[in-house]
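Throughout, read-outs are computed from the coordinates displayed, never taken from laboratory work. Predicted, not measured: the structure shown is a model, and the values here were computed from it. Cβ atoms come from the backbone with ideal geometry, glycine included; neighbour counts cover every protein chain shown.
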Amino acid sequence: MWLFSKKGPSGFSSSSTAEEVTQGIDGTGLTAIVTGASGGIGAETTRVLALRGVHVIMGVRNTVAGVNVKEAIFKENPAAKVDVMELDLSSIAAVKKFASEYKSAGLALNILINNAGVMDSPSKLSQDNIELMFATNHLGHFLLTNLLLDTMKETAEHNNVEGRIINVSSLGHRYSYSEGIRFDKINERSGSCGPSDYNQSKLANVLHANELARRLKEAGVPITANSLHPGVITTDLLRHHNFINGVFLALGKFLVQNVQQGAATTCYVALHPQVKDIRGEYFQDCNIGNASTQAKDTELAKRLWDFSLTLIN
């Protein structure tokens with residue numbers, strides 16, 4: 001990663017790790033949800049937040065894998081506060097169930113990290129008959145955020161601590177369809193691999209964060225919303241692309257970031273005081289980055305919001 005080690009205004013770079021960017025930060029008393037926390041950057045994000053004293057709830061589809069991560073964290077850090085809850089973001093009913101159980105547990109919520117994602121899953125449609133990548137990467141998180149927003153507001157007002165919502169997007173958001181979001185063809189794949197469909201869902205992550213940030217600011221709510229590109233990382237996101245995944249694994253140490261570096265931007269935006277009061281921004285390498293022109297389209301963001309509401313209702 002020596003090719004990408006130039007530090008930005010924050011003092012960090014793509015070579016910085018999640019532990020480095022949170023060094024000295026005390027997250028005691030904070031509660032966070034991390035979706036897709038059973039592996040990759042989600043697991044590392046959970047580990048580092050817990051290391052800083054945050055109570056982390058892992059929202060995972062595979063609870064066995066989630067418990068394994070939890071046990072590994074406890075082995076390293078016996079004082080960690082980590083819990084596992086089942087969450088299938090591709091299912092509207094499952095998201096509602098998770099949110100209902102979370103509220104019933106009376107848990108606070110300071111930080112919501114919408115991290116989970118799928119890339120080119122072999123299954124085309126979710127059980128709600130929505131293209132699976134759009135359903136999982138965007139719609140499930142859109143619904144989850146809406147359902148837990150009141151809990152976040154109550155926590156922010158009660159503790160007088162800024163709430164933070166983070167959407168983990170991708171540099172791929174730049175390579176969506178020419179119209180950005182294909183509202184009238186959301187279930188139609190562009191091809192067998194569907195790269196544009198994945199990029200469309202990642203564009204939706206940025207648009208969602210931007211529109212949410214606008215609405216929260218307008219309402220005077222002490223919660224920020226931002227999106228980010230975690231980096232080019234060797235995780236199992238490419239598990240359906242055997243050849244590409246093999247290349248990444250072989251060349252990873254020279255061309256891409258490791259998981260510790262990949263979780264850095266998420267942990268930075270979630271905890272660092274430099275990010276206080278910043279909203280509607282797109283972060284990259286632990287610094288404010290530059291999202292695509294489509295991602296900055298306020299009308300497209302509003303249209304996506306309304307479209308998403310019709311799908312979850």
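Observations, loosely collected:
- Report summary: the helix-based calculation at 222 nm, which adds -39500 (n - 2.57) for every DSSP H run with n ≥ 4 and divides by the residues of the chain, gives -13000 deg cm²/dmol.
- Given in Å, the Rg to one decimal and the Dmax to the nearest whole number for the Cα atoms of the stretch 4-160 are 16.3, 46.
- Extension gain for the segment L171 to L309, taken as residue separation times 0.36 nm less the Cα-Cα distance, is 47.1 nm to one decimal.
- Simple spin-label estimate for E19 and V221 gives 3.6 nm between the two label positions (7 Å along the Cα-to-Cβ direction from each Cα).
- Converting phi to 3J(HN,Hα) with the Karplus coefficients 6.51, -1.76 and 1.60 and the offset θ = phi - 60°, the stretch 167-181 yields 9, 7, 9, 6, 4, x, 4, 6, 10, 6, 5, 4, 8, x, 10 Hz in sequence order, with x at every glycine or proline.
- Among beta bridges from DSSP that stay inside the chain, the antiparallel ones total about 10%.
- When Cα extents along the principal axes in Å is computed from the coordinates, the matching label among [x] 103, 45, 32; [y] 47, 45, 40; [z] 98, 36, 35 is [y].
- Look at the alpha carbon pairs under 8 Å that are at least 6 residues apart: their mean separation over the length of the chain gives a relative contact order of 22 percent.
- Protection proxy ranking, peptides 144-150, 264-270, average beta carbon neighbours within 10 Å, highest first: 264-270, 144-150
- Using the Cβ-Cβ distance between F74 and D128 with R0 = 35 Å, the FRET efficiency computed as 1/(1 + (r/R0)^6) comes to roughly 0.50.
- Listed peptides 212-221, 172-181, 47-56 appear in the order 47-56, 172-181, 212-221 once ranked by packing, highest mean of other Cβ atoms within 10 Å at the front.
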